[in-house]
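What follows is calculated from the coordinates using simple rules that are stated; it is not laboratory data. Note that this is a predicted model, so its numbers are computed, not measured. Cβ atoms come from the backbone with ideal geometry, glycine included; neighbour counts cover every protein chain shown.
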Amino acid sequence: MHENSTVSRNIRSSLFSVLFRQSKHFIDLYEACSGFRLRSEDIKPFDLNSDIIDRQFVNDASHITTDKRLILMAEHLSNPKRNVAQRDLLYYASLVQQWLTVEGKSMSSGKSFDIPMPEFYVIYNGRQKFNSKYLTFGNSFLSINAELIDINFDKLANKQPSNTLAGYSYFIKQMDDKILDGETRNYAFKYAVEQCIKNKYLHGIVEKEEFTMLDKAVIDFLYPTPEQLNEYALAKAVEEGLEQGQLKHLVFQINRKILKAKTREQIIDELEMDEDGINILDNFDSYIHLL
């Protein structure tokens with residue numbers, strides 16, 4: 001097998017990343033997100049995929065437009081997590097730093113120049129309901145707004161086998177259904193491959209030897225064992241600590257507003273609360289212990 005095979009070049013990547021780091025497939029994903037159909041020549045891969053960088057700091061899929069005007073970022077979720085906007089901000093900052101290096105530009109230069117602006121999309125195909133349409137992070141000074149796109153197979157507008165996003169979603173659905181039926185992970189993977197071949201989803205991809213060799217990497221990523229979850233725990237500790245710190249900060253801000261006799265509407269407006277923040281405000285007695 002060629003060492004530069006796109007499919008096998010990074011076994012740590014999820015199937016999502018393996019597929020949508022390729023421009024010819026990313027255009028299907030971007031159309032589902034934005035409603036706009038790009039040409040493959042309009043974009044090129046531009047991500048943080050590197051064996052040097054720790055996995056938690058590698059984004060899932062991103063491309064830069066050939067006019068260097070936009071960085072299109074898609075982050076995958078298989079279960080509801082609301083800190084993706086914060087992660088997107090860190091990824092974007094790293095991507096800009098990478099872009100400056102590639103372009104030979106310096107922020108300390110006396111010359112002004114434009115940097116590519118981001119578009120943030122969160123790609124969700126979990127079974128738990130995710131009510132938010134947008135995931136936000138920031139304040140009046142800085143605001144990150146990531147649009148949530150549900151790509152579960154039954155939610156897709158385009159289910160044509162020729163569409164890579166439909167193929168990816170169909171593949172995951174076949175695996176999920178078999179896992180829920182009590183089948184083993186290995187059987188579910190092989191079954192999903194067979195169904196894709198039978199119904200012409202991911203045609204030209206699942207038939208390849210490189211894809212079948214992905215089974216362990218993909219299965220481990222999508223359906224980790226308890227032992228693997230323990231290995232991930234340390235990496236997640238920093239992220240969870242960040243979430244807890246942000247929660248305490250929000251509770252502190254709400255308490256200050258309450259002490260100033262602010263109304264519910266004033267607190268929501270002044271703190272620019274999203275759905276999660278409003279829920280904390282409405283159930284504030286449950287969070288007083290964090291003060």
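Here are the numbers:
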| quantity | calculated |
| --- | --- |
| Sites Tyr287 and Glu147, calculated FRET efficiency, Cβ-Cβ separation with R0 25 Å, nearest 0.05 | 0.35 |
| Other-chain or far-sequence residues with amide H under 5 Å of Asp60's (modelled H) | His76 |
| Residue pairs, from the table Lys81/Lys198; Lys159/Lys198; Lys68/Lys155; Lys24/Lys198; Lys81/Lys262, whose Cα atoms sit over 27 Å apart | Lys81/Lys198; Lys68/Lys155; Lys81/Lys262 |
| log₁₀ of I(q)/I(0) at q = 0.17 Å⁻¹ - the range 57-111, Debye sum with one point per alpha carbon | -0.63 |
| Long-range amide H partners of Leu148 with built H, under 5 Å | Val122, Tyr134, Leu135 |
| Label-to-label distance, nm, for residues given as Thr263 and His203 (7 Å Cα→Cβ offset) | 6.1 |
| Label point distance in nm, Tyr187-Leu70, each placed 7 Å from Cα along Cα→Cβ | 4.5 |
| Förster-model FRET efficiency, 35 Å R0, Arg127 and Lys248, C-beta, rounded to 0.05 | 0.70 |
| Nonlocal amide H pairs with Ile43, under 5 Å, H built at 1.01 Å | Thr66 |
| Rounded, prolate or oblate (a/c below 1.5 giving rounded, otherwise prolate when a/b exceeds b/c) for the range 134-212 by Cα gyration tensor | prolate |
| Net charge of Cβ neighbours under 15 Å - reference Lys68; Lys, Arg +1; Asp, Glu -1 | -3 |
